[in-house]
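Engineer: I am attaching a structure below and will ask some questions about it afterwards.
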Amino acid sequence: MDAEQVMGSTNFPTTIRVGVLGFGGLGQAAAKVLAPKREMILVAAADNKGYAYAAEGLNAQECIATYQSQGSVGYLEPFGTLTNRSIKDLIENDHPVDGYFLALPNLPNDFIASVAKQFIESGWRGVLVDAIKRTSAVEQLLTQKEELQAAGITYMTGCGATPGLLTAAAALAAQSYAEIHRVEITFGVGIANWEAYRATIREDIAHMPGYTVETARAMTDAEVEALLDKTNGVLTLENMEHADDVMLELAGICSRDRVTVGGVVDTRNPKKPLSTNVKVTGRTFEGKISTHTFTLGDETSMAANVCGPAFGYLKAGITLHQRGIHGIFTAAEIMPQFVR
């Protein structure tokens, strides 16, 4: 039996047409990741002031240069459109797109769920993938499962680095054990310039004691910089509300109270302050207690570890969608597929 028989029909289009929603640091990195791919092509990009669409493909560097110089891909000639409802207009103009990566800040905490609702109501059919972080945000999306199924949408949630790559690694590592005692995820992120990832940093600040999603969202750039000055640019995060817990619980790996996530973000140094890893501790059928550790290479950036898996899960979502499988799935349930 060959791989296609196992997975079902995988008659991909010549290239998978991809849109990137959100064109800040993560969205721009996603465009760069897509540029050399043969199986995927960037056809759409959107920010909060406009969008660009080209059926034959957008030039990633031109999109990035336009955004950085003029503030929106909507200024990109001749493919751009300026609009303050870019996602809605992009969807409703019926531009052919097979799948979208939602590289959007989830601020407020129901924002990604509200974007999913726009897709459901639009009549669009295809694959959506996000790199969402918070447990409560994923839980909001899970309530839309039946609506997504009815709309013909295959939604892959929590498909970045963590949750995502490390959650999947934990699910694989768990196979050695009869019982999982704990899953510990620790991440290190180095960013040379926090302003390139403003929304991501605000989401991280929201996990710190004394802050909420609302207060972090309301912070001005000057207030964020003042906070970073106090911490020498370093954010130390512990016992985060991270969706790895609900994803591993849904996959039947362990209860969410056995999952902990924390890490260190250095906003002034591209070098990781510590190695990113996941440790899975459990009891084997022989009664032995052991720990598996999966560590990411220090040379891989946050952008590489988020965008790479996101597009691997998008490709997996295309396979599911072509088989008529719709609804919502997590990185702990489905294996990503390598994108050439």
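Engineer: Please list, by residue number, everything in the stretch 117-137 whose backbone N is under 13 Å from a paramagnetic label point 7 Å out along Cα→Cβ of Glu147.
Structural biologist: Residues passing the 13 Å test: 117-123.
Engineer: Hey, what's the chain come to in accessible area per residue, 1.4 Å probe, Å²? Walk me through the intermediate numbers first.
Structural biologist: On the way: 15000 Å² over 340 residues.
Accessible area per residue: 44 Å².
Engineer: Can I ask one more? Please report the antiparallel percentage of the DSSP beta bridges confined to the chain, to the nearest 5.
Structural biologist: Working: 25 of 56 bridges.
Bridges in the chain that DSSP calls antiparallel: roughly 45 percent.
Engineer: Per residue, how big is the convex hull around the C-alpha atoms of the stretch 199-248? Give it to me in cubic angstrom, could you?
Structural biologist: So the per-residue Cα hull volume is 84 Å³.
Engineer: Quick one: net charge of Leu227's neighbours, Cβ under 15 Å, K/R +1, D/E -1?
Structural biologist: On the way: positive: Arg198, Arg202, Arg217, Lys230, Arg268; negative: Glu195, Glu203, Asp204, Asp221, Glu223, Glu225, Asp229, Asp266.
For residues surrounding Leu227, the net value is -3.
Engineer: Take Asp47, Asp94 and sort them by solvent-accessible surface of the protein heavy atoms, 1.4 Å probe, largest at the top.
Structural biologist: Numbers: Asp47 10, Asp94 125 Å².
Result of the area sort, largest leading: Asp94, Asp47.
Engineer: Over 30 Å between Cα atoms, which of Lys145/Lys272; Lys49/Lys133; Lys88/Lys272 qualify?
Structural biologist: Lys145/Lys272; Lys88/Lys272
Engineer: Further question: Helix-derived [θ] at 222 nm for the chain: sum -39500 (n - 2.57) over DSSP H runs of at least 4, divide by residue count, nearest 500? It would help to have the intermediate numbers written out before the result.
Structural biologist: On the way: 13 runs with 121 residues, N = 340.
Taking each H run of at least 4 residues, the total per residue is -10000 deg cm²/dmol.
Engineer: Sticking with this structure for a sec: If every alpha-carbon in the stretch 42-132 counts as one equal scatterer, what log10 I(q)/I(0) does Debye give at q = 0.11, 0.16, 0.19 1/Å?
Structural biologist: -0.29, -0.63, -0.90
Engineer: Next up: What is the percent carbon and sulfur in the accessible area of the stretch 200-284, measuring with a 1.4 Å probe over the protein chains and ignoring ligands? Numbers along the way, then the final one.
Structural biologist: Working: 1890 of 3950 Å².
Exposed carbon and sulfur together represent 48 percent of the surface.
Engineer: Here's something else I'd like to know. Based on alpha-carbon atoms only, what is the radius of gyration of the stretch 113-226 relative to the globular estimate 2.2 N^0.38 Å? Could the numbers behind the result be given before it?
Structural biologist: On the way: Rg = 17.3 Å, N = 114, 2.2 N^0.38 = 13.3 Å.
Relative to the rule-of-thumb radius for its length, the stretch 113-226 sits at 1.30.
Engineer: If you don't mind, another one. Once Lys and Arg get +1 and Asp and Glu get -1 on their Cβ, which of Leu235, Thr295, Ile112 lies farthest toward the positive end of the dipole of the chain?
Structural biologist: Toward the positive end, the furthest listed residue is Thr295.
Engineer: Next up: Is the shape of the stretch 241-340 rounded, prolate or oblate, going by the alpha carbon gyration tensor and its root eigenvalues a ≥ b ≥ c, with a/c under 1.5 for rounded and a/b larger than b/c for prolate? Spell out each step's value before the answer.
Structural biologist: Values: a/c = 1.90, a/b = 1.07, b/c = 1.77.
Verdict is oblate for the stretch 241-340.
Engineer: Can you pull the percent of Cα pairs in the chain with separation above 35 Å?
Structural biologist: Working: 11081 of 57630 pairs.
Tail of the P(r) past 35 Å holds 19 percent of the pairs.
The values are calculated or read from the model by the stated rules, or taken from the named source; none is laboratory data. These numbers were taken from a predicted model, which means no experiment stands behind them. A quick note on method: Cβ atoms are made from the backbone with ideal geometry, for glycine too, and the neighbour counts reach across all protein chains shown. We work out accessible area using only protein heavy atoms, side chains counted, and drop any ligands, DNA or RNA first. Shrake-Rupley method; radii C 1.70, N 1.55, O 1.52, S 1.80 Å.
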